[in-house]
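The values are calculated or read from the model by the stated rules, or taken from the named source; none is laboratory data. This structure is a prediction, so every number in the text was calculated from the model and none was measured. As a convention, Cβ positions derive from the backbone with ideal geometry for all residues, glycine included, and neighbour counts pool all protein chains shown. Heads up: the accessible areas ignore ligands, DNA and RNA and are worked out on the full protein's heavy atoms, side chains in. Shrake-Rupley method; radii C 1.70, N 1.55, O 1.52, S 1.80 Å.
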Amino acid sequence: MRRPRGTRDLFGPELESVRKVMHVMNEIFKRYGYVEVETPTFEHLELFTKKSGASVVNQIYAFQDKSGRWLALRPELTAPVVRFYLERLKSFPKPLKLFYFGNCFRYEEPQAGRYRQFLQSGAEIIGSSRPEADAEVIALVDEVAKELGLRGYDLRIGNVGLLREILSRAGVKGEEQDPVMRAIDAHDQAKLEEELDKRGVGEEYKKLLKAVAGLRGGVEVLDKAEELLSDLTKARAALRRLRAVLRLLELCGVDGYRVDLGIARGLEYYTDVVFELYVDGVQVAGGGRYDELIELLGGEPCPAVGVGFGVDRIAQAMLRQGVEIEERQLDCMVLPSSGEMLDECLKIARDLRRAGLSVDVDLMGRSLRKAIAYADARRARYAVIVGARDLASGKVTLRNMTTGEQELVPREELANKLKEVQAT
RNA sequence: GCCGAGGUGGUGUAGCGGUCAACAUCGGGGACUGUGGAUCCCCUGACCCGGGUUCGAAUCCCGGCCUCGGCCCCA
């Protein structure tokens, strides 16, 4: 039997790095005042088909249960969290700040950094339409990247509202905009030209769209955008919002970002400010404002902003970059000098474990020689050698596995002695 | 869904029509029943699956599966 395509078995550094990412995120989310939620692994299929276009529906693991209900393994977590909000959290004080971790499933061809089961985390602010909320979510992303020690990360901030407004003015509305947005996101000029012509967009708007989508750099690009958009009131409002968010980011201590007005992505439900986080050219997080999604899923109109993180991808980036991941090692192994000492070893191990130490005993009936070799292979810091000779005077031998130095230690002082050296 | 490169012990490789399928490493044991990272010896363990060609296939051909990477897509 082998594992299903696109899944992974994890252990060792791979698992440690995932755990570390989860741990750090968990701490930061709570530090920022978010509350954890958990939703089921499967939902009604309809929840996802409502939110996402038909193109992605065939990538959902969908099935009928024994009563014929159409269910789906969740392909993402925003829709389930919004569903949870609509079902039970609507009457909590606004804004609601929620975070979550969860496995998601997509039926896709596995490739670099892409699996059929993957771990996502995210945070959402539901109920605030203000730029403070946008800025806080972006600050959260920056904090995660910083605290995980990711080097050379690239945080890009844009606003899909600008591009969509230009398209609307040019007569391209609703879903018609999506293929155009995709072409922009892919930086595919030929494709963009084609999509715009297909929809009869005039030269003037084509030029404007390309000019705006090409803007990236520091805050100064907003001035250029403002010149270009002088006639478009709503687009200028979007620009003002972006400016406000960037100003707030400064107060939050975020400075390493780039403005990129070409961010469009296939994220069709984003309405305003959007952002993406890249590490080594791989996108590891993305989010933005989605003021219409909650209504789409059957709620009262309600503004919201959020972010999703690709936990596995971030963990892989950390391994790649050699970020230090501390791993709790075995404090000691308790080894009998001969078979008769086994009972005594078990008692000593019991006491040391109760004292909070990480302790192992040999379960193979090995000779002392082999057992010490095994302790070395396990990278135990100490070996406690229990023999009749020392035990006669109530002592055991404590061997430092790194230096090879040994000393006789009274049994009852063993735990304290080990805890002392554990701290160093 | 498409394209490319691959699949031999747990890992890394050799073998490329006839070999007891080799080597290294890892794992278990012994030399050495109160002392590890050395040496020597022994043991466990593999040709992805199914067809075909052939007297004979790990080796050649076809199909599938899987892995890695790229495209499409990425809510």
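Numbers for the structure displayed
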| read-out | value |
| --- | --- |
| Test: A:A238 is within 15 Å of RNA strand B (Cβ to nearest atom), in contact with an Asp or Glu (Cβ under 7 Å, 6 or more places away or on another chain) and either open to solvent by less than 40 Å² (accessible area, probe 1.4 Å) or among the β-branched types (V, I, T) (or both) | no |
| Any hit, segment A:384-392, residues being under 16 Å from A:L330 (Cβ atoms) and either open to solvent by less than 30 Å² (accessible area, probe 1.4 Å) or at pLDDT 95 or above (or both) | yes |
| Lone unmet requirement of (1) surrounded by fewer than 19 Cβ atoms within 10 Å (Cβ to Cβ); (2) more than 16 Å from RNA strand B (Cβ to nearest atom); (3) over 21 Å from A:D312 (Cβ atoms) for A:K146 | (3) |
| In segment A:393-424, the residues that are open to solvent by 40 Å² or more (accessible area, probe 1.4 Å), in contact with an Asp or Glu (Cβ under 8 Å, 6 or more places away or on another chain) and near RNA strand B (Cβ under 7 Å from one of its atoms) | A:R399 |
| Residue list for segment A:276-292, filter: near RNA strand B (Cβ under 10 Å from one of its atoms), in contact with a strand residue (DSSP E or B) (Cβ under 7 Å, 6 or more places away or on another chain) and of a type in the set (A, V, I, L, M, F, W, C) | none |
| Helices (runs of 4 or more DSSP H) (entirely within segment A:8-88) containing at least 2 residues that are open to solvent by 40 Å² or more (accessible area, probe 1.4 Å) and modelled with pLDDT under 95 | A:12-31, A:45-51, A:54-57 |
| All positions within segment A:48-85 that are over 24 Å from the mean Cα position of the chain (by Cα) and within 17 Å of A:E300 (Cβ to Cβ) | A:K50 |
| Subset of segment A:302-348 [aliphatic (A, V, I, L, M), open to solvent by less than 50 Å² (accessible area, probe 1.4 Å), within 14 Å of RNA strand B (Cβ to nearest atom) and at pLDDT below 95] | A:A317, A:L330, A:M341 |
| Test result for A:R88, farther than 23 Å from A:C252 by Cα and in contact (Cβ under 8 Å) with a residue 40 or more places away in the chain | no |
| Index of the failed condition, A:L71 passing every other in (1) within 23 Å of A:D291 (Cα to Cα); (2) more than 10 Å from RNA strand B (Cβ to nearest atom) | (1) |
| Condition check for A:R366: open to solvent by less than 80 Å² (accessible area, probe 1.4 Å), over 30 Å from A:S121 (Cα atoms) and among the charged types (D, E, K, R) | yes |
